[in-house]
Amino acid sequence: MTELEEIAQNLIEGNENEVGELTQRALAKGINVIEILNKGLLGGMNVVGERFKQAEMFIPEVLLAARAMNAGMNILKPLLLSAGFRNVGSIVLGTVRGDIHEIGKNLVGIMLSGAGFEVIDLGVNVPPQRFIEVVVEKKAQLIGMSALLTVTMPAMKDTIDELKGAGLKTQIKTMIGGATVTQRYADEIGADGYAQDAVSAVSKAKELLNLN
Ligand code: B1M
């Protein structure tokens, strides 16, 4: 088994300490940080997602896997951040109302920070009104919403409608993403942008703020 396969396997088994140690070891061996993220951590999480879907894994095991994922992410985070230049723009980021999935949202936040954005992370289960309050208070230019559940996607539309109601839709851009979200859905609800993953979230945010 390669180092990256070992990381993935330990993540699937929810071995938090081992994932941390193996991630450190892979870095020490000179394996590229993006490769560790994509093939090790995300590779393992994809298997977890598939097994969860097939009812071969259950919530407690998925939570352990998520914790192991975070252990690896905490080690990679400073390296993902180190390339950034400060303050190209501000984004208010959160997982929408009713949804507590945070790993993808956190990864998007890390990549945006690394690219020089000020990221105001509101966490999970964020009601539409809260996004608007904070974007106004912090004078941010962008709202980023994550949703992983089909049933929580409408909260993205509610937030955009709330923004329209406040007369701010033309001034503040909105970007959405998450495993269940598509470009088509973004078009349908009037979001300014959609990104499929954390790397494209950075280029999309730059595009929306005319920074490319
Ligand atoms: Co949940 N869950 N879960 N879960 N869970 C999914 C999403 C699911 C697809 C699993 C499945 O059935 N295959 C399914 C949703 C089905 C659907 O609605 N279509 C599901 C379900 C049903 C549920 C519950 C309802 C289960 C239950 O209780 N019966 C429940 C809901 C809780 C709630 O939110 N109210 C639930 C709970 C949980 C846990 C708490 C156990 C745990 C979350 C722990 C945590 O986050 N701290 C969990 C997990 C871990 C998953 C899976 C296995 C993995 C999600 C993840 O972290 N992926 C997931 C299966 C899957 O997605 N394959 C599943 C890794 C992460 C890096 O990817 O989040 O997609 P992702 O983020 C990507 C992109 O989507 C994108 O960039 C990221 C990085 O590349 N992206 C953005 C994300 N946000 C973005 C925002 C952007 C741009 C890009 O702009 C702002």
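Tabulated data
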{"read-out": "Test for I12: is it of a type in the set (A, V, I, L, M) and crowded, with 16+ Cβ neighbours inside 10 Å", "value": "yes"}
{"read-out": "Within the stretch 127-161, tally of residues that are open to solvent by 70 Å² or more (accessible area, probe 1.4 Å) and more than 9 Å from the ligand (Cβ to nearest atom)", "value": "9"}
{"read-out": "Among (1) of a type outside the set (F, W, Y); (2) part of a helix (DSSP H, G or I); (3) away from the ligand (no atom under 13 Å from the Cβ); (4) closer than 28 Å to A140 by Cβ, the one test that S90 misses", "value": "(2)"}
{"read-out": "Count of the stretch 162-198 residues which are surrounded by fewer than 18 Cβ atoms within 10 Å (Cβ to Cβ), more than 7 Å from the ligand (Cβ to nearest atom) and closer than 19 Å to I110 by Cβ", "value": "0"}
{"read-out": "Test for G98: is it in a loop (DSSP other than H, G, I, E, B) and under 21 Å from A191 (Cβ atoms)", "value": "yes"}
{"read-out": "Condition check for E50: farther than 30 Å from E137 by Cα and in contact (Cβ under 8 Å) with a residue 40 or more places away in the chain", "value": "no"}
{"read-out": "Residue list for the stretch 15-24, filter: open to solvent by 20 Å² or more (accessible area, probe 1.4 Å) and within 19 Å of E61 (Cβ to Cβ)", "value": "N15, E16, N17, E18"}
{"read-out": "Hits in the stretch 113-126 - residues which are over 30 Å from K53 (Cα atoms) and either open to solvent by 60 Å² or more (accessible area, probe 1.4 Å) or not hydrophobic (A, V, I, L, M, F, W, C) (or both)", "value": "S113, G114, G116, E118"}
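The values are calculated or read from the model by the stated rules, or taken from the named source; none is laboratory data. The structure displayed is predicted, hence computed values, not measured ones. Cβ: placed from backbone, ideal geometry, glycine included. Neighbour counts: every protein chain shown. Surface areas here come from the heavy atoms of the whole protein model, side chains and all, with no ligands, DNA or RNA. Shrake-Rupley method; radii C 1.70, N 1.55, O 1.52, S 1.80 Å.
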